[in-house]
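First up is the structure itself, then whatever we jot down about it.
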Amino acid sequence: MNLFDVYPLIPVTIAKAEGSKLWDDEGNQYLDLYGGHAVISIGHTHPHYVKRIQDQLNQIAFYSNSIQIPIQKAYAAKLGELSCLHQYQLFLCNSGAEANENAIKMASFATGKSGFIAYSGSFHGRTSGAVALTDNPKIVAPCNERSDFHILPFGDLDATEELLKSESIAGIIIEGIQGVGGIQVPSSSFLKGLDKLCKAYGAKLILDEVQSGFSRTGRFFAHQWVEGLMPDLITMAKGMGNGFPIGGLLISPEFKSSYGLLGTTFGGNHLACAAGLAVLEVIEKEGLQNKALELGDKLIEELKAIPQIQEVRGKGLMIGIDLDRDAGPVRSELVSKYKIFTGSAANKQTIRLLPPLSIEWNQLNSFIVAIKEILSN
């Protein structure tokens, strides 16, 4: 049997990883500045993370949500402590797409409406509802198309209000910072405007923090850079489990739960919660949120001084770099010659940096040296 060929692959086989370092099957060492799509938050094979999972595996790895699972409550308590969102309720699932599907469902349940708004450059997942709100027609199958799902220009409050006037919109979904869209940071005025419009027209505001959450931007969630913003629903995954599949939905207190309203077989299993707790404990103990902000600020400043870089966007260690040329050959040379992994974006001239939050400055500086050498040729 062959694998279904849907991924363009870098011709490297990674056999071992530690912190921000990777080794291929021939023993060559690489620097990971992408973290597998922002998944590796605390560093590869962090000892506390590994021990947490091993200890849990020796007790019980899985049982369904038909029994009491105390580690779920422990996880929720620690998440509330670090995010300062104590009043929210937590639903655990397995991925960002699943989190967004459940957010869409909750907004629709609450409002009795079916329409949704997303924005140009958005990526919310590949499942049925989430993909219909993702700005990439190539991955939207005919069965996913929805006439009441709308993708509007990023930052356009007027167009948003016009649609809300139709009284058919259940919710608005927007990323805390766009990832695949090239690290596009929504302005505070835009996010506050969306919040105001949602309240005025009875819609729900969904913040997709799947890529921008878990301290990556120097706040626990990217939307927390906007003072006083309290979304109705917040989705999360990726850095939440440092590689272990786990996702979640934070639900504001106005939503009432009932048996069977949401459900999942694997979501919130013992092993997933152990991995998630380890991530939160390491973020707290090692001060990774402040570290991400400090290193990110320094890196952005250095990158802006490179003449061949047209623009640098982002916060913390979620950074987009627009080059004066196609980024593909640059990224390839970074891997083949300098042994550095970076990420792509929808814009072919953009490089994304999403390294582990535990990375050190000397490692980031090696990227600066490499990109300067490449771009000077």
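If you take the Cα centroid of the range 302-348 and the Cα centroid of the range 22-77, the two points sit 28 Å apart.
Kindly sort TRP23, TRP225 by accessible area of their heavy atoms, largest first, with the probe set to 1.4 Å.
Highest to lowest solvent-accessible surface, that is TRP225, TRP23.
Put a plus charge on the Cβ of each Lys and Arg, a minus charge on the Cβ of each Asp and Glu, and nothing anywhere else: the dipole of the chain about its Cα centre is then about 440 debye. Under 5 Å between amide hydrogens, built in the peptide plane, is the criterion, and for ILE340 it picks out LEU31, VAL335 among residues at least 5 positions away or on other chains.
Ranking of SER166, SER212 by solvent-accessible surface, largest first: SER166, SER212 (1.4 Å probe, protein heavy atoms only, all chains present). Between ASP148 and GLN59, 0.36 nm times their residue separation minus their Cα-Cα distance comes to what? Gain on stretching ASP148 to GLN59: 27.3 nm.
Can you work out the FRET efficiency for the pair ALA159 and SER344, with r the C-beta to C-beta distance and R0 = 22 Å, to the nearest 0.05? The pair ALA159/SER344 has a calculated efficiency of 0.15. Which links in LYS21/LYS285; LYS113/LYS315; LYS105/LYS165 stretch past 23 Å when you go from one Cα to the other? From LYS21/LYS285; LYS113/LYS315; LYS105/LYS165, over 23 Å: LYS113/LYS315. Protein heavy-atom accessible surface, 1.4 Å probe, per residue over the chain: 46 Å². For ILE117, the solvent-accessible surface with a 1.4 Å probe is about 0 Å², rounded to the nearest 10. Going through the cross-link list LYS304/LYS372; LYS192/LYS298; LYS199/LYS238; LYS16/LYS372, which pairs have a Cα-Cα distance over 23 Å in this structure? Violating the 23 Å limit, Cα to Cα: LYS192/LYS298; LYS199/LYS238; LYS16/LYS372. Restrict the search to the range 243-348; then list the trypsin sites (Lys or Arg not before Pro) that DSSP places in a loop and that have at most 12 other Cβ atoms within 10 Å of their Cβ. Listed in order of number, the matching sites are LYS256, LYS337, LYS348. Rounded to 0.05, the FRET efficiency of the ALA77 and SER128 pair, given R0 = 41 Å and the Cβ-Cβ distance, is 0.80.
Residues considered: THR265, THR13, THR217. Largest GNM mean-square fluctuation over the chain, using C-alpha springs under 10 Å, is found at THR13. Taking each residue as 0.36 nm, the span from TYR7 to GLU333 lengthens on full extension beyond its C-alpha to C-alpha distance by 115.4 nm.
The values are calculated or read from the model by the stated rules, or taken from the named source; none is laboratory data. Given the structure is predicted, the values throughout are model-derived calculations rather than measurements. With ideal geometry, Cβ positions are generated from the backbone for all residues, glycine too; neighbour counts draw on all protein chains shown. Note: accessible area is taken over every heavy atom of the protein model, side chains too, but ligands, DNA and RNA are not part of it. Shrake-Rupley method; radii C 1.70, N 1.55, O 1.52, S 1.80 Å.
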